[in-house]
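Engineer: Starting off with a structure, shown below.
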There are 2 protein chains.
Amino acid sequence: MPTDYPQPSFVLVRPQMGENIGAAARAMWNFSLDRMRLVAPRDGWPNPKADAMASGAGRLLDEAQLFETTADAVEDCTYVFATTARQRGLTKPAFSPEGAMKLAAEKIANGEKIAVLFGPERAGMENDDIARANAVINVPVNPEFGSLNLAQCVLLIGYEWQRQVGNYENERIEMAKTIWASQGESEALAKHYEDRLEEAGFFYPPEKVDSMKVNLRNMWSRMPLTRADVQMLHGVLRQMVRWKDKG
Amino acid sequence: MPTDYPQPSFVLVRPQMGENIGAAARAMWNFSLDRMRLVAPRDGWPNPKADAMASGAGRLLDEAQLFETTADAVEDCTYVFATTARQRGLTKPAFSPEGAMKLAAEKIANGEKIAVLFGPERAGMENDDIARANAVINVPVNPEFGSLNLAQCVLLIGYEWQRQVGNYENERIEMAKTIWASQGESEALAKHYEDRLEEAGFFYPPEKVDSMKVNLRNMWSRMPLTRADVQMLHGVLRQMVRWKDKG
């Protein structure tokens with residue numbers, strides 16, 4: 001059973017190698033997408049090579065919908081994107097993957113049905129397929145070298161979909177279960193080092209004592225210390241003193 | 001000749017199949033990245049299977065820098081990211097690909113040298129490699145199904161790099177006045193502390209030695225150290241030893 005999760009359908013148009021269909025299924029399922037449609041796969045359907053490659057994402061292939069033409073495949077959709085490596089002569093809005101999946105997410109939230117077309121390996125889509133699309137998606141590859149394969153193209157669009165709908169508010173995922181040192185703990189650490197280093201004769205010559213102390217405090221205060229770091233750094237210093245005392 | 005274009009280095013750590021190294025080169029070059037570094041490729045180097053797969057991106061392999069250890073590979077870098085599928089127990093900042101490449105773009109605009117580590121197929125990186133990194137990048141794949149291969153992981157990070165520098169192209173590149181410590185300098189500092197603390201009997205009891213050393217290295221690698229900080233921290237340690245010797 002496909003998930004209930006509202007999402008675009010990914011339509012593979014006349015895909016050739018079964019392996020690539022399987023790899024595309026895996027690429028989709030990495031980003032929780034599971035609505036695959038196939039238009040006239042070259043080697044028929046089902047295809048054992050696709051199954052072998054899909055491994056954990058085989059369910060997507062079992063549930064894939066099969067169509068004879070691109071027109072049939074997108075008949076129930078309200079908005080269709082076609083991925084294409086290069087700009088064609090066609091007059092059509094062109095989106096970055098980001099712009100396209102942002103628009104797709106908005107439309108899907110409004111109850112629309114969205115499809116993304118992916119052309120066959122090598123040849124790419126025919127203009128007749130692209131003509132069925134409302135807009136194209138241009139992946140901004142190096143103009144001197146565009147060599148995305150089918151699964152990679154599916155992967156990038158899937159990634160952008162996930163980026164648009166996922167929990168990306170926080171770019172920086174916080175360190176799991178980290179207990180940060182409090183200001184008081186950092187302060188106590190700074191004092192511990194300052195006191196021992198004073199005894200050890202670190203602050204020298206006299207005219208530099210103040211700036212050396214400021215630099216040291218400043219360093220501790222700039223460091224993103226966890227409570228465990230602080231304990232370890234206390235331990236380091238205590239051990240050095242113990243070593244000295246044993247002489 | 002590599003391009004002059006300022007960019008992160010992508011470091012493949014102990015890659016296994018030559019084909020995957022070639023596919024990673026293609027993935028990079030799709031997004032105009034051409035600084036590949038290799039740490040101890042399993043089947044030696046050069047590798048004809050890598051060349052065959054790289055096709056139009058073969059130049060990246062010819063120019064790839066070869067290293068024996070991850071530490072050597074990132075020695076000249078000021079900030080290192082490690083890509084990892086799952087959150088590890090290590091206390092380290094974790095970024096989304098977007099957040100990571102945004103930070104990388106900022107740092108590179110300030111004249112820093114950045115590396116991104118990619119682990120070997122299947123096995124992934126060892127904690128010892130990840131301990132060398134300042135932060136990790138988590139690709140937000142489906143928690144029930146994460147099956148990115150090496151080239152796909154390279155592709156997604158390359159894509160995010162490309163997305164970010166689109167925004168940075170027009171920003172004035174300003175050299176910061178701060179001189180950040182290189183990875184080699186941080187590494188030397190970590191080793192200095194580890195060696196003296198070993199002598200001082202800090203690593204005890206025996207069953208905890210390894211985890212204590214990893215924690216200590218991990219702490220140094222997380223700290224945003226300037227060259228001046230590193231010099232001061234060497235000085236702190238040297239003074240403690242001098243104190244002991246006088247004692």
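Engineer: Sum up the lysine pairs in segment A:1-158 that clear both bars: alpha-carbon distance under 23 Å and a spacing of 8 or more or different chains.
Structural biologist: Pairs that pass both the separation and distance tests number 4.
Engineer: Per-residue Cβ counts within 10 Å, from other chains only, averaged over B:150-160: what number is that?
Structural biologist: The per-residue average across the peptide is 4.
Engineer: Please give the calculated 222 nm ellipticity per residue for the protein assembly as shown, where each DSSP H segment of at least 4 residues contributes -39500 (n - 2.57) and the sum is spread over every residue; nearest 500 deg cm²/dmol?
Structural biologist: Rounded to the nearest 500, it is -14500 deg cm²/dmol.
Engineer: Below 13 angstrom from the Cβ of B:Lys49, what's the summed charge of the other residues (Lys, Arg +1; Asp, Glu -1)?
Structural biologist: Neighbour charge sum, excluding B:Lys49 itself: -2.
Engineer: Here is a further query. To one decimal in nm, how far is A:Glu207 from the same spot in the other copies, if labels go 7 Å from Cα toward Cβ? Please give the shortest first.
Structural biologist: 5.7
Engineer: Taking Cα atoms, how many degrees apart are the long axis of helix A:97-109 and the longest axis of chain A, rounded to 10 and kept between 0 and 90?
Structural biologist: Once rounded, the angle reads 70 degrees.
Engineer: If you don't mind, another one. Regarding the protein assembly as shown, what is the average projected area of its C-alpha convex hull, in nm²?
Structural biologist: Spelled out: convex hull of the Cα atoms, projected over all directions, averaged, 26.8 nm².
Engineer: Probe radius 1.4 Å, ligands and nucleic acids left out: can you give me the accessible area buried at the A-B interface, summed over both chains, in Å² to the nearest hundred?
Structural biologist: 5600 Å²
Engineer: In addition: Give me the extension gain from A:Tyr204 to A:Ser221: residue separation times 0.36 nm, minus the current Cα-Cα distance, reported in nm with one decimal.
Structural biologist: 3.9 nm
Engineer: Moving on to the next point. Between segment B:1-76 and segment A:44-72, what is the separation of their alpha carbon centroids in Å?
Structural biologist: Centre-to-centre (Cα) distance: 34 Å.
Engineer: At 1.4 Å probe size, what's the solvent-accessible area of A:Lys213? Round to the nearest 10 Å².
Structural biologist: The accessible area comes out at roughly 50 Å².
Engineer: Starting from the amide H of B:Trp180, placed 1.01 Å from N in the peptide plane, find each other amide H under 5 Å away whose residue is 5 or more places distant or on another chain.
Structural biologist: B:Arg227
Engineer: Might you report the magnitude of the Cβ-based charge dipole of the protein assembly as shown about its Cα centre, with Lys and Arg at +1 and Asp and Glu at -1, to the nearest 20 debye?
Structural biologist: Computed charge dipole of the protein assembly as shown: roughly 1080 debye.
Engineer: Using only atoms on other chains, find how many Cβ atoms lie within 10 Å of each Cβ of peptide B:92-104 and report the average.
Structural biologist: Partner Cβ neighbours, averaged per residue: 3.
Engineer: How much accessible area does A:Ser182 have with a 1.4 Å probe, in Å² rounded to the nearest 10?
Structural biologist: 50 Å²
Engineer: Please label the shape of segment B:9-165 as rounded, prolate or oblate, based on the square roots a ≥ b ≥ c of the eigenvalues of the alpha-carbon gyration tensor (a/c under 1.5 means rounded; beyond that, a/b larger than b/c means prolate, else oblate).
Structural biologist: Here segment B:9-165 falls in the rounded category.
Engineer: Looking at segment A:183-246, what % of the alpha carbon pairs are farther apart than 21 Å?
Structural biologist: Taking all Cα-Cα pairs of segment A:183-246, the fraction more than 21 Å apart is 26 percent.
Engineer: Give me log10 I(q)/I(0) at q = 0.13, 0.18, 0.21 Å⁻¹ for segment B:99-240, Debye formula, one equal scatterer per alpha-carbon, no solvent.
Structural biologist: Here the Debye-derived log intensity ratios amount to -0.76, -1.13, -1.30.
Engineer: Taking the label point 7 Å from Cα in the Cβ direction, how far apart in nm is A:Trp180 from each other copy of itself, listed shortest first?
Structural biologist: 2.0
Engineer: Taking Cα atoms, how many degrees apart are the long axis of helix A:209-222 and the longest axis of chain A, rounded to 10 and kept between 0 and 90?
Structural biologist: The answer is roughly 30 degrees.
Engineer: If you roll a 1.4 angstrom probe over the protein chains with everything in place, what fraction of the accessible area of segment B:9-165 belongs to carbon and sulfur, to the nearest %?
Structural biologist: Whole-percent figure for carbon plus sulfur exposure: 48.
Engineer: State to the nearest 20 debye the size of the charge dipole of chain B about its Cα centre, where the only charges are +1 on K and R beta carbons and -1 on D and E beta carbons.
Structural biologist: 580 debye
Engineer: Kindly sort B:Phe67, A:Phe118 by accessible area of their heavy atoms, largest first, with the probe set to 1.4 Å.
Structural biologist: Sorted descending by solvent-accessible area, the residues read B:Phe67, A:Phe118.
Engineer: What number comes out for the charge environment of B:Phe10, summing +1 per Lys or Arg and -1 per Asp or Glu over other residues with Cβ under 9 Å away?
Structural biologist: Value of the local net charge: +2.
Engineer: Taking a point 7 Å out from Cα toward Cβ as the label site, list the nm distances between B:Arg42 and the same residue in every other copy, smallest first.
Structural biologist: Its label point is 3.0 nm from the equivalent points in the other copies.
Engineer: Show which aspartates and glutamates lie in cross-link reach of A:Lys213 when reach means a straight Cα distance below 16 angstrom and same-chain residues fewer than eight apart are skipped.
Structural biologist: Once the sequence-local aspartates and glutamates are set aside, what remains near A:Lys213 is A:Glu187, A:Glu194, A:Asp195, A:Glu198, A:Glu199, B:Asp229.
Engineer: Something else about it: Could you check the simple spin-label distance between B:Arg122 and B:Arg242, using points 7 Å along Cα→Cβ, in nm with one decimal?
Structural biologist: Simple spin-label model gives 5.4 nm for this pair.
Engineer: Something else: How much area per residue is accessible in the protein assembly as shown when the probe is 1.4 Å and only protein heavy atoms are counted (Å²)?
Structural biologist: 46 Å²
The values are calculated or read from the model by the stated rules, or taken from the named source; none is laboratory data. For clarity, every value in this text was computed on a predicted model and none was experimentally measured. Methodologically, a virtual Cβ is constructed for each residue, glycine included, from the backbone with ideal geometry; neighbour enumeration extends over all protein chains shown. To get the accessible areas, we keep the full protein, side chains included, count just its heavy atoms, and leave off ligands, DNA and RNA. Shrake-Rupley method; radii C 1.70, N 1.55, O 1.52, S 1.80 Å.
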